[in-house]
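Here's the structure we're looking at; comments come further down.
The values are calculated or read from the model by the stated rules, or taken from the named source; none is laboratory data. None of the values given here were measured: they were computed from a predicted structure. FYI the Cβ positions are ideal-geometry reconstructions off the backbone, even for glycines, and counts take in every protein chain you see.
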Amino acid sequence: MKKGTSLGHGMKAYGALALLLQLASACSPSAPQQQDARKGTNAAAASAMPKPSTAPAADQKLIVAFGDSLFAGYGLAQGEGFAPALERALVAQGLKARVFNAGVSGDTSGAARERLAFTLGGLPRKPDLMIVGLGGNDLLRGLDPGSTRANLDAILRELKKRDIPVMLTGMVAAPNMGPDYAKAFNPIYPDLAKRYDAPLYPFILDGVIGHRALLLPDGMHPNPSGVGVMIGHVAPIVAAQLKG
């Protein structure tokens, strides 16, 4: 598989990530989708995901965006989130593709790990590509990077067991988390991408975080223009995987 890009401008966004942590409280703790813990069953957690309106055609590639609010389209109108925007970008490149939104706002890597089997069981068929984008909520809550690594490793291991191709999108720790935290957190994504031979886009919010014109009023989640920037980075890697 072709590997993803380097951090590039994402490394320059460390300062912006500090801003993201400072603005974490801007996201209302009373919002059900942003609760700190998801203690329901796998079925209850997965019920928060949109359901596919129709099964993909036989000649369409099925891509699953498995992640948190950045994939779920938090605060956006229907059709404005990551999954539908990625589908439009792929179709514009001449690819027959359906992108299923399997994002759940507020999910940690542990919560996503718990709902993985239920999510896969609800798909119309085995995906041609699974995009895994998790860890942002782990970072915001200061969860143990060792647990984040173990959860992501378990998710990727299960996908490999099922022979489902995977792409990984990552996060990077802000400086105010401290050097020890960053030393443990930042290598998670490149290490796992190498272990599972998965393409990696190292920082999903590269070019978005810190730019008010690309963010919702909470200062954390992308608006439609911000989603467009994310898709501009991710879609070429996805297209290369589908073509390859």
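Selection of the range 88-105 for residues being among the hydrophobic types (A, V, I, L, M, F, W, C) and either within 11 Å of D128 (Cβ to Cβ) or buried (at least 17 other Cβ atoms within 10 Å of the Cβ) (or both) yields A89, L90, L95, A97, V99, F100, A102, V104. Listed by first and then second residue, the pairs linking a residue in the range 157-172 that is of a type in the set (D, E, K, R) to a residue that is at pLDDT 95 or above, with Cβ atoms under 8 Å apart and 6 or more places separating them unless they lie on different chains, are R157/Y196; E158/L116; E158/A117; K160/V166; K160/Y196; R162/L120; R162/K126; D163/K126.
Condition check: at pLDDT 95 or above, surrounded by 15 or more Cβ atoms within 10 Å (Cβ to Cβ) and charged (D, E, K, R). Does K61 satisfy that? Even if it seems obvious, please write down each step before you answer.
Details: at pLDDT 95 or above: yes; surrounded by 15 or more Cβ atoms within 10 Å (Cβ to Cβ): yes; charged (D, E, K, R): yes.
Yes; evaluated as a whole, the condition is true for this residue.
For G67, indicate whether it is closer than 23 Å to I188 by Cβ, at pLDDT below 55 and under 16 Å from the mean Cα position of the chain (by Cα).
no
Taken over the range 77-112, the criterion of being touching a residue at least 40 places away in the same chain (Cβ under 8 Å), in contact with a Phe, Trp or Tyr (Cβ under 9 Å, 6 or more places away or on another chain) and of a type in the set (A, V, I, L, M) is satisfied by A102, V104, A112. A count restricted to the range 181-200 and to residues that are closer than 19 Å to A240 by Cβ and either assigned to a loop (DSSP other than H, G, I, E, B) or without any contact (Cβ under 8 Å) to a residue 60 or more places away in the chain (or both) stands at 7.
What are the residues in the range 61-99 that are small (G, A, S) and either touching a Pro at 6+ places or on another chain (Cβ under 6 Å) or not in a loop (DSSP other than H, G, I, E, B) (or both), if any?
Pass one, the range 61-99, residues small (G, A, S): 65, 67, 69, 72-73, 75, 77, 79, 81, 83, 85, 89, 92, 94, 97.
Residues satisfying the conditions are A65, G67, S69, A72, A83, A85, A89, A92, A97.
Across the range 138-180, the number of residues qualifying as outside any loop (DSSP other than H, G, I, E, B) and of a type in the set (V, I, T) comes to 4.
Could you tell me whether any residue of the range 190-205 is within 22 Å of Y74 (Cβ to Cβ) and surrounded by fewer than 23 Cβ atoms within 10 Å (Cβ to Cβ)?
yes
Going through (1) without any contact (Cβ under 8 Å) to a residue 12 or more places away in the chain; (2) closer than 22 Å to G106 by Cα; (3) small (G, A, S) one by one, G178 falls short only on (2). Applying the set (1) part of a loop (DSSP other than H, G, I, E, B); (2) closer than 26 Å to K243 by Cα to D107 leaves exactly one unmet item: (2).
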